[in-house]
1. What is the sum of charges, Lys and Arg at +1 and Asp and Glu at -1, for the other residues whose Cβ falls under 11 Å from the Cβ of Asn24?
2. Is there a pair in Lys30/Lys75; Lys173/Lys210; Lys29/Lys78; Lys140/Lys199; Lys143/Lys212 whose C-alpha atoms are over 26 Å apart, and which pairs would that be?
3. Lys and Arg at +1, Asp and Glu at -1: add these up for the other residues within a Cβ distance under 12 Å of Glu172 and post the number.
4. Sort all Cα-Cα distances of the range 139-206 into consecutive 5 angstrom bins from zero, then give the percent of pairs in each bin up to the one containing the longest distance.
Amino acid sequence: MNRRQFINYLRTHDEIEDSWIQENEKDLKKIVSFIWEAFIYTPRIINFVNKHVNTYDFNSFKLKDKIEFIHFIIKQSKPAISWLNFDFFSRIKRVKEYELYKEIPDNDKRALWHLENEYKLFESNSIKSGYEKPRKLTAKEKKKIELVVRDHETESSATEILSILNQELIEEKDLSLFDISVIDSRNLIQYTFLDKNNKKVVYREPYKMKIKFHPSSSIFDKDYFEPVENLYEYVFTSVWDYMKFRKVLNQAFLNSLRV
């Protein structure tokens, strides 16, 4: 018996027969010890196992109890066969590629192996040839990631995200402005509305801040009313530039108060 046959039996039987355990006891003891690798592509099962199995000394359970627990997980999660992993790679094979990093525990080396070989998240060329500084993402790659994130937000969120905003759309959806905020990490201004069904609607646009300020840093050179022609105008298109400007302006004001 192998792992695939073991899983198929549990998926197709509502009760575990004692006679079946006795007939396959030798194989079952080996299979149960490594069965968790079959679920590496099913986060829901891994999360359940991490929460319940790791809390107890699972290895001290009787063989029948272990099988019944695995049977319970499968019945609750109902995983498709295509979700499961039935390949086997020895622990030695999974850690040998990372032997240059002696300080990394074997558990982490096996995790790296899965991330590289199963999930294709990175290549280990830099690990094999020694340390290399990670390559910075290009502007094109950053833009691509940003678009993927936005698309995911649009698909997974109950909030409607508008690509354009005009007076016709505001009247059509009967939008009421609820909040205006700044998303620092994306350099965006976010407008949050409520529509006629009390559903949240969001519109985002690139950050833009227009200010007018007096060129003098001394409060004594200013009046309550200042002619417009005496003011400087500047448009900020970066949240961080505006924050730096505010910091410098506040510091200049504090300096002017010192005697």
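A short reminder: the numbers here are calculations on the coordinates, not readings from a lab. The structure presented is a predicted model; accordingly, all values stated were derived computationally and were not measured. Backbone-built Cβ (ideal geometry, glycine too); neighbour counts: all protein chains shown.
1. Counting the neighbours of Asn24, the net charge comes to -1.
2. Exceeds cut-off: Lys173/Lys210; Lys140/Lys199; Lys143/Lys212.
3. -2
4. Result returned by the calculation: 4, 15, 23, 26, 17, 9, 4, 1.
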